Amino acid sequence: MFTDATNRINNCHAPSSSAAIHSNAFNLNKAIERAQNKLLSLQDEAGFWVFELEADCTIPSEYILMMHYLGEIDVPLQAKIANYLRSRQSEDGSYPLFTGGAGDISCSVKAYYALKMAGDAIDAPHMARLRNYILSQGGAAKANVFTRIALAMFEQLPWRGVPYIPVEIMLLPKWFPFHLDKVSYWSRTVMVPLFILCTLKAVAKNPNKISILEIFVTHPDKEMHYFPERTLLNKVFLGLDQLGRITEPFIPKAVRNLALKKAKDWFIERLNGEDGLGGISPAMMAAYEAMLLIGMPKDHEHVVMARKAIDKLLVINEHDAYCQPCLSPVWDTALAALALQEADKKINAKSLGRAYDWLKSKQLSDEPGDWRISKPNLAGGGWAFQFANPHYPDVDDTAVVAFAMADSNFVGLDESIHRATRWIVGMQSKNGGYGAFDVDNTCYYLNEIPFADHGALLDPPTSDVSARCAMLMARVAKDHDEYLPALERTIAYLRSEQEADGSWFGRWGTNYIYGTWSVLLGLEQTQLPKTDPMYTKAAQWLKSVQRADGGWGEDNYSYHDTDYRGQYRFSTAFQTAWAVLGLMAAGEAHSPEVKAGIDFILRHQQADGFWNDKCFTAPGFPKVFYLKYHGYDKFFPLWALARYRNELNRK
């Protein structure tokens with residue numbers, strides 16, 4: 001599946017020499033000032049920053065499919081989304097999960113269907129290449145579960161090609177091997193409306209009767225085996241899947257109606273206004289379609305608001321458009337604030353004050369939340385990732401926001417900082433680490449159920465989230481030792497997670513460079529000496545993967561093959577920033593490697609003060625779903641330049 005990096009088809013380009021700054025702009029202070037001023041200019045009047053969050057072509061394709069499912073087609077918008085899809089196609093005709101990646105069968109099938117719905121002829125060159133790619137991979141029947149559900153709804157695939165996920169799952173007791181409380185927040189919010197759509201066997205209106213039988217190797221009515229058997233446990237679940245189908249006709253109508261009501265009540269409680277169910281587009285779209293399927297009128301306030309939440313995710317440009325997977329204002333604001341604090345806390349005080357006022361207004365307290373199921377007596381204090389998502393505060397965001405507040409030393413923030421830190425302490429898992437949203441979400445056997453062919457059903461502790469929790473606890477524990485026991489457990493967890501080469505895996509950012517940067521910044525706030533092996537091994541690893549141009553870069557292929565750990569075809573400004581920030585945290589500010597990294601960042605700054613890294617920067621789910629945070633090449637390089645200048649001034 002994976003070819004040599006130098007031979008891969010890659011639409012991601014290193015910054016051109018024309019974008020390089022003139023020699024007189026190599027002055028560090030001028031570069032910082034330019035980046036700082038540009039970032040300040042993008043702050044919203046309310047105090048936050050929010051940058052586009054782009055995924056692969058699956059979600060824009062799903063938006064087109066949603067319009068045809070409903071029979072309500074916005075032709076001009078559809079044309080713009082189709083333009084976007086065509087521009088993202090690889091030379092071999094496929095659609096990858098990240099720029100320059102290998103083709104993905106599931107994304108390619110949805111893109112093909114969406115483009116055909118938009119009016120693209122199947123004999124057009126780009127469609128022919130795409131069809132040939134899909135057929136070469138075994139055809140549309142080889143797509144993942146979510147794609148097969150969509151195909152079943154459009155009557156392109158029989159429902160037996162979809163895992164059996166009856167709505168009666170809502171009635172299962174907590175002791176049962178599968179329960180909603182045992183899976184991640186994103187799985188819950190997507191699954192519950194899907195229970196309704198799959199149980200009632202939703203049928204798309206498909207007003208133009210668009211069919212895609214030409215991308216099946218075998219006619220879907222004759223295709224018999226949709227679920228590969230991976231392990232013994234997987235075979236057991238497949239057997240239960242078949243048993244469920246056999247017994248479904250005997251489910252009493254009253255039981256089904258009770259389950260449907262419970263599912264409806266569950267997701268309506270979490271609709272989250274114009275910010276949508278779970279704040280993520282797949283859940284929003286499924287909930288919107290489920291409400292209409294069970295007979296809620298289009299003018300019902302919940303239905304109207306659900307559609308508004310979906311459309312809030314659209315990015316509509318002059319010639320193209322796409323749908324974002326979610327919005328990231330809290331994350332963007334906290335990281336922008338950290339960069340600006342490093343750049344000049346005094347000059348940027350007014351802007352930072354507005355940012356913290358906005359963040360304080362978004363801090364959660366006594367709101368209902370799924371995390372309370374495992375921690376019913378823990379007081380709230382977290383932040384969500386989005387503008388609003390009260391049921392699902394984000395541990396990672398909370399740690400970063402509270403640390404930024406503590407680092408600012410601004411008055412009036414102590415109450416917010418300590419509420420957040422106490423919540424973080426309470427959300428610690430048994431092994432000392434932290435997941436992103438839940439505590440001890442580690443029922444790994446559930447990744448073997450047929451529905452979970454993406455392998456991303458759970459939210460276990462990870463090094464990067466745990467490191468930022470350690471960073472916060474250590475910073476606040478300097479004056480409040482109540483946080484020290486939890487901090488010590490987290491440090492022990494991080495020590496156990498360090499790879500033999502000195503790096504750490506990055507769950508929420510690409511990848512070992514991100515994970516290593518995250519941990520080093522966390523450790524820097526602790527009392528551990530810089531001679532500790534965690535520091536020295538990590539610094540040595542970062543130096544070992546520095547590229548000849550002085551920068552760093554890592555491919556998302558490192559999630560698929562660890563031979564790509566810390567490796568990429570070229571350097572990027574944001575990953576170079578992570579590396580030099582990590583090295584400076586390890587006490588290497590005056591090393592030649594850091595200077596070379598800073599020189600790389602300076603050389604590639606654009607005239608407007610920003611950088612232009614076109615590559616995807618993070619996984620939503622490793623191996624399955626990747627993201628490009630459009631803010632990463634804006635605030636991370638600024639942060640690194642400012643930290644370097646400040647380190648030099650401390651000599």
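Distance between the C-alpha centres of the stretch 84-137 and the stretch 354-386: 41 Å, rounded to the whole angstrom. A simple charge model with +1 on the Cβ of Lys and Arg, -1 on the Cβ of Asp and Glu and nothing else charged puts the dipole of the chain at about 220 debye relative to its Cα centre. The three principal axes of the C-alpha atoms in the stretch 66-160 carry coordinate ranges of 35, 33, 25 Å, sorted with the longest axis first. Helix 632-649 and the longest principal axis of the C-alpha atoms of the chain enclose an angle of approximately 20°. Residues of the stretch 475-503 falling in the label zone of ASN409, defined by backbone nitrogen less than 13 Å from a point 7 Å along Cα to beta-carbon, are absent. Other residues within the sphere of radius under 9 Å centred on the Cβ of ALA586, judged by their own Cβ, net out at -1 (K and R +1, D and E -1). From the helices alone, meaning DSSP H stretches of at least four residues, give me the mean residue ellipticity at 222 nm for the chain, per-run term -39500 (n - 2.57), in deg cm²/dmol to the nearest 500. Calculated at 222 nm, the ellipticity per residue is -15000 deg cm²/dmol.
Computed over the alpha carbons of the chain, Rg followed by Dmax gives 24.6, 79 Å. Farthest towards the positive end of the charge dipole of the stretch 353-428, among the residues GLN386, THR421, TYR356, is the Cα of THR421, using unit charges on the Cβ of Lys, Arg, Asp and Glu. Packing order of peptides 118-126, 566-574, 90-98, highest average first: 566-574, 90-98, 118-126 (average count of other Cβ atoms within 10 Å over each peptide's residues).
Note on ARG650 and GLU52: their simple-model spin labels are 3.7 nm apart, each label 7 Å out from Cα toward Cβ. Proximity of backbone amide H atoms, modeled 1.01 Å from N, is registered between LEU314 and GLN324 at under 5 Å, excluding neighbours fewer than 5 places apart on the same chain. Express in % the proportion of alpha carbon pairs of the stretch 239-364 at distances exceeding 22 Å. Everything past 22 Å amounts to 59 percent.
Among residues other than TRP383 with Cβ under 15 Å from its Cβ, the summed charge is -4 (Lys and Arg +1, Asp and Glu -1). Applying 1/(1 + (r/R0)^6) with R0 = 51 Å to the Cβ-Cβ distance of ASN27 and GLU367 gives a FRET efficiency near 0.60. Put a plus charge on the Cβ of each Lys and Arg, a minus charge on the Cβ of each Asp and Glu, and nothing anywhere else: the dipole of the stretch 54-323 about its Cα centre is then about 840 debye.
Protection proxy ranking for 248-255, 583-590, using the average of other Cβ atoms within 10 Å per residue and placing the highest first: 583-590, 248-255. Between LYS614 and ALA500, the simple label model (points 7 Å from Cα in the Cβ direction) yields a spacing of 3.9 nm.
Close amide H pairs (under 5 Å, H built 1.01 Å from N) link ALA618 with THR510, LEU627, TYR629, residues at least 5 positions away or on another chain.
Rounded to the nearest whole Hz, the Karplus-based 3J(HN,Hα) values (6.51 cos²θ - 1.76 cosθ + 1.60, θ = phi - 60°) of the stretch 247-258 follow the sequence 8, 4, x, 9, 5, x, 4, 5, 5, 4, 5, 5, with x at glycine and proline. The calculated FRET efficiency for VAL255 paired with LYS346, based on their beta-carbon distance and R0 = 60 Å, is about 0.40.
Overall shape: oblate for the stretch 54-323, with the ratio a/c of the largest to smallest alpha carbon gyration tensor axis at 1.5 or above and b/c at least equal to a/b.
Amide H contacts of LEU413: none lie under 5 Å away among residues 5 or more positions distant or on a separate chain (H built 1.01 Å from N in the peptide plane; Pro and chain starts excluded).
Note that the stretch 518-527 has calculated 3J(HN,Hα) couplings of 4, 5, 4, 5, x, 4, 4, 7, 8, 8 Hz, one per residue in order, obtained from phi through the Karplus relation 6.51 cos²θ - 1.76 cosθ + 1.60 (θ = phi - 60°); glycine and proline are x.
Checking the a/c ratio against 1.5 first, then a/b against b/c, what shape does the Cα gyration tensor give for the stretch 525-609? The shape class here is oblate. Pairs of Cα atoms in the stretch 420-533 fall into 5 Å distance bins, from 0 up to the last occupied one, in shares of 2, 12, 21, 23, 18, 12, 6, 3, 1, 0 percent. The orientation-averaged projection of the convex hull spanning the C-alpha atoms of the stretch 93-224 amounts to 9.4 square nanometres.
Modelled spin labels at ASN377 and ASN144, positioned 7 Å past Cα toward Cβ, are 4.0 nm from each other.
Applying the criteria of a DSSP loop state and at most 11 other Cβ atoms within 10 Å to the trypsin sites (Lys or Arg not before Pro) of the stretch 381-457 yields LYS430.
Any read-out appearing in this document is the output of simple, stated calculations on the displayed coordinates, not a laboratory observation. Everything numeric here is computed off the predicted structure, so don't read it as measured data. Every residue, glycine among them, receives a Cβ derived from its backbone with ideal geometry; neighbour counts consider all protein chains shown.
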